[in-house]
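Below is one structure; the comments refer to it alone.
The values are calculated or read from the model by the stated rules, or taken from the named source; none is laboratory data. On a predicted model such as this, the values are computed, not experimentally measured, just so you know. Glycine gets a Cβ as well: all are built from the backbone with ideal geometry, and neighbour counts include every protein chain shown. Quick note on the areas: whole protein, heavy atoms, side chains included, nothing else; ligands and nucleic acids left out. Shrake-Rupley method; radii C 1.70, N 1.55, O 1.52, S 1.80 Å.
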Amino acid sequence: MKRVIEILKYSHKWPEQFEEEKRRLSSIFNSLKIEIHHIGSTAVPGLSAKPIIDLLIEVKDIKKVDTYNQKMEQLGYEAKGENGIKGRRYFQKGGNERTHHVHIYEKGHPEINRHIWFRDYLRTHPDAAKEYETLKTELAHRYRFEPEKYVENKTNFIHKIDGLALKWRKGSSNKNRKDDLR
């Protein structure tokens, strides 16, 4: 069975599903985790998305994560190792009908801020979120049975938002510093 790309209207159940999975994962990674974040499109209120909950876990030591693979499998996850990103551990749940993705990074890894800033930028810039939603919907229609092409054709937009989010965060940081000096 092939994976089907489907974009659904935002669901208020997605934050609940995140919290539920966060509790499960917290019990597994209790002593290793620092924080668990809801990232990706399901973390942006009002944004249509693939109904897959993306979680980002910050840990103290990435090397120790591999010792938790069996426990993750017991929760229905498939361990994918770094899966193309150095310093990450990646897990998928649900096979071709995925329900969750877990991205694990050691504290300080640059991908942590990139994911969080991307999410926060879309949360605070509704025009960018709408543009992303339109793109994803068009790509899901065009590449319904070609997930690699769907992802590939989103990449330029994601890089654009990453750049805008970085400038926005730097601007926010500078503004906050100026406010602090008053």
Exactly one of Lys60, Lys2, Lys33 is under 20 Å from Glu106 (Cα atoms), open to solvent by 40 Å² or more (accessible area, probe 1.4 Å) and modelled with pLDDT under 95, and that one is Lys33
State the number of residues belonging to the range 40-79 that are closer than 30 Å to Glu131 by Cβ and either part of a loop (DSSP other than H, G, I, E, B) or aromatic (Phe, Trp, Tyr) (or both).
-> 9
Give the number of residues within the range 126-177 that are surrounded by 13 or more Cβ atoms within 10 Å (Cβ to Cβ), closer than 16 Å to Gly40 by Cβ and without any contact (Cβ under 8 Å) to a residue 40 or more places away in the chain.
-> 5
Which ones in the range 5-30 are open to solvent by 20 Å² or more (accessible area, probe 1.4 Å), modelled with pLDDT of 95 or more and not in a helix (DSSP H, G or I)?
-> Glu6, Ile7, Leu8, Lys9, Tyr10, Ser11, His12
